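Peer 1: Below: one structure in structure tokens.
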Amino acid sequence: MSTAMMSRSSWGVKDEAILTELVGLLGLTEPERAALASLQGAAAAVGQELLDEFYGRLHSSDNTREYFEGVDMAHLQARTKDWFLDLFSGQYDAGYARKRLAIGQIHVRIGLPVRYPLAMIDVVMKYGDRACASAADPQVALTAFRKVLALDVAVFNQAYEDNQLKHLSELVGGERLARLLLSGQQ
């Protein structure tokens, strides 16, 4: 195994630095931020349709429906709508990413397999695309929306990775060995 495969510089990026790195990878321009921020009303206008389709799909499956037993659905739907509207906030910094990470951590804590929220991204994209269609420059808005949604997916996955890595590190006695095991190198 090559020395490069034994350790990666990205493995040294931790905590807040991960979020800052992910935000930086977006390459979001000021015109893109402004385009999204101008679409708050358009996003709000499609919000209820998004919720209807999003939760309709999740409730149609026994495996996802069980996660809603005993849950205040009105509260959950309001939080989901807020999450969607934040995609159009125009503010995408480490604080934004921290909020997204907290959402992912909640999903990890309730034991929701990552495949379910990822399978719902097409619904979010559909309604985000609709909101972007009303922009002064729809292509700029759409490009920006997809970047921000990609950030959300990356941060969301980070919550799952952090959890896996933490537990595996505890089992094997170190993060480096855990990373090697997760990458199939040990």
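Peer 1: Taking Tyr92 as the residue in question, decide whether it is buried (at least 16 other Cβ atoms within 10 Å of the Cβ), out of contact with any Phe, Trp or Tyr (no Cβ under 8 Å at 6 or more places or on another chain) and touching a residue at least 24 places away in the same chain (Cβ under 8 Å).
Peer 2: Yes: the conditions hold for Tyr92.
Peer 1: Condition (residue is more than 20 Å from Ala35 (Cα to Cα) and in contact (Cβ under 8 Å) with a residue 12 or more places away in the chain) applied to region 130-151: is it met by at least one residue?
Peer 2: So far as region 130-151 goes, no, none of its residues is more than 20 Å from Ala35 (Cα to Cα) and in contact (Cβ under 8 Å) with a residue 12 or more places away in the chain.
Peer 1: Moving on to the next point. Output the residues belonging to region 161-179 that are at pLDDT below 80 and more than 27 Å from Ile103 (Cα to Cα).
Peer 2: Selection gives Leu177 alone.
Peer 1: Identify the residue in region 33-47 that is surrounded by 12 or more Cβ atoms within 10 Å (Cβ to Cβ) and not aliphatic (A, V, I, L, M) and, among all such residues, is farthest from Thr143 (Cα to Cα).
Peer 2: Gly47
Peer 1: Can I ask one more? Are any residues in region 103-116 within 15 Å of Val71 (Cβ to Cβ) and of a type outside the set (Val, Ile, Thr), and if so, which ones?
Peer 2: His107, Arg109, Gly111, Leu112, Tyr116
Peer 1: Within region 5-24, how many residues turn out to be in a helix (DSSP H, G or I) and either without any contact (Cβ under 8 Å) to a residue 60 or more places away in the chain or more than 18 Å from the chain's Cα centre (by Cα) (or both)? Don't jump to the end; show me each part of the working.
Peer 2: From region 5-24, those in a helix (DSSP H, G or I) are 5-6, 9-12, 15-24; that's our starting set.
Of the ones still in play, those that are also either without any contact (Cβ under 8 Å) to a residue 60 or more places away in the chain or more than 18 Å from the chain's Cα centre (by Cα) (or both) are 5-6, 9-12, 15, 17, 21, 24.
Residues meeting the conditions: 10.
Peer 1: When only residues in region 141-161 that are of a type in the set (Val, Ile, Thr) and touching a Leu at 6+ places or on another chain (Cβ under 6 Å) count, which is farthest from Ile106 (Cα to Cα)?
Peer 2: If we filter region 141-161 for residues that are of a type in the set (Val, Ile, Thr), which is where we start, we get 143, 148, 153, 155.
With the extra rule that they be touching a Leu at 6+ places or on another chain (Cβ under 6 Å), the set shrinks to 148, 155.
Numbers: Val148: 20, Val155: 13 Å.
Among residues in region 141-161 that are of a type in the set (Val, Ile, Thr) and touching a Leu at 6+ places or on another chain (Cβ under 6 Å), the one farthest from Ile106 (Cα to Cα) is Val148.
Peer 1: A further question follows. With part of a loop (DSSP other than H, G, I, E, B) and either surrounded by 16 or more Cβ atoms within 10 Å (Cβ to Cβ) or not aromatic (Phe, Trp, Tyr) (or both) as the only criterion, which of Pro113, Pro117 stands out?
Peer 2: On inspection, the qualifying residue turns out to be Pro113.
Peer 1: Within region 124-148, track down each residue that is in a helix (DSSP H, G or I), buried (at least 17 other Cβ atoms within 10 Å of the Cβ) and of a type in the set (A, V, I, L, M).
Peer 2: Those that are in a helix (DSSP H, G or I), buried (at least 17 other Cβ atoms within 10 Å of the Cβ) and of a type in the set (A, V, I, L, M): Val124, Ala131, Val140, Ala141, Leu142, Ala144, Val148.
Peer 1: Could you tell me which of the residues Phe68, Phe84 is touching a helix residue (DSSP H, G or I) at 6+ places or on another chain (Cβ under 8 Å) and touching a residue at least 24 places away in the same chain (Cβ under 8 Å)? Step through it out loud before you land on a result.
Peer 2: Numbers: Phe68 fails: touching a residue at least 24 places away in the same chain (Cβ under 8 Å).
The unique qualifying residue is Phe84.
Peer 1: Next question. Say whether the condition of being out of contact with any Phe, Trp or Tyr (no Cβ under 9 Å at 6 or more places or on another chain), among the basic types (Lys, Arg) and surrounded by fewer than 12 Cβ atoms within 10 Å (Cβ to Cβ) is met by at least one residue in region 13-21. Please lay out each step first, then the result.
Peer 2: First pass over region 13-21, keeping only residues out of contact with any Phe, Trp or Tyr (no Cβ under 9 Å at 6 or more places or on another chain): 13-18, 20-21.
Those left that are additionally among the basic types (Lys, Arg): 14.
Next, from what is left, pick out any that are surrounded by fewer than 12 Cβ atoms within 10 Å (Cβ to Cβ): 14.
Yes - at least one qualifying residue is present in region 13-21.
Peer 1: Can you tell me which residue within region 35-58, out of those that are under 21 Å from the mean Cα position of the chain (by Cα) and free of Cβ contacts under 8 Å to residues at least 60 places away in the same chain, is nearest to Val148 (Cα to Cα)?
Peer 2: Ala37
The values are calculated or read from the model by the stated rules, or taken from the named source; none is laboratory data. Just so it is clear, the model here is predicted, and its values are computed rather than measured. A quick note on method: Cβ atoms are made from the backbone with ideal geometry, for glycine too, and the neighbour counts reach across all protein chains shown.
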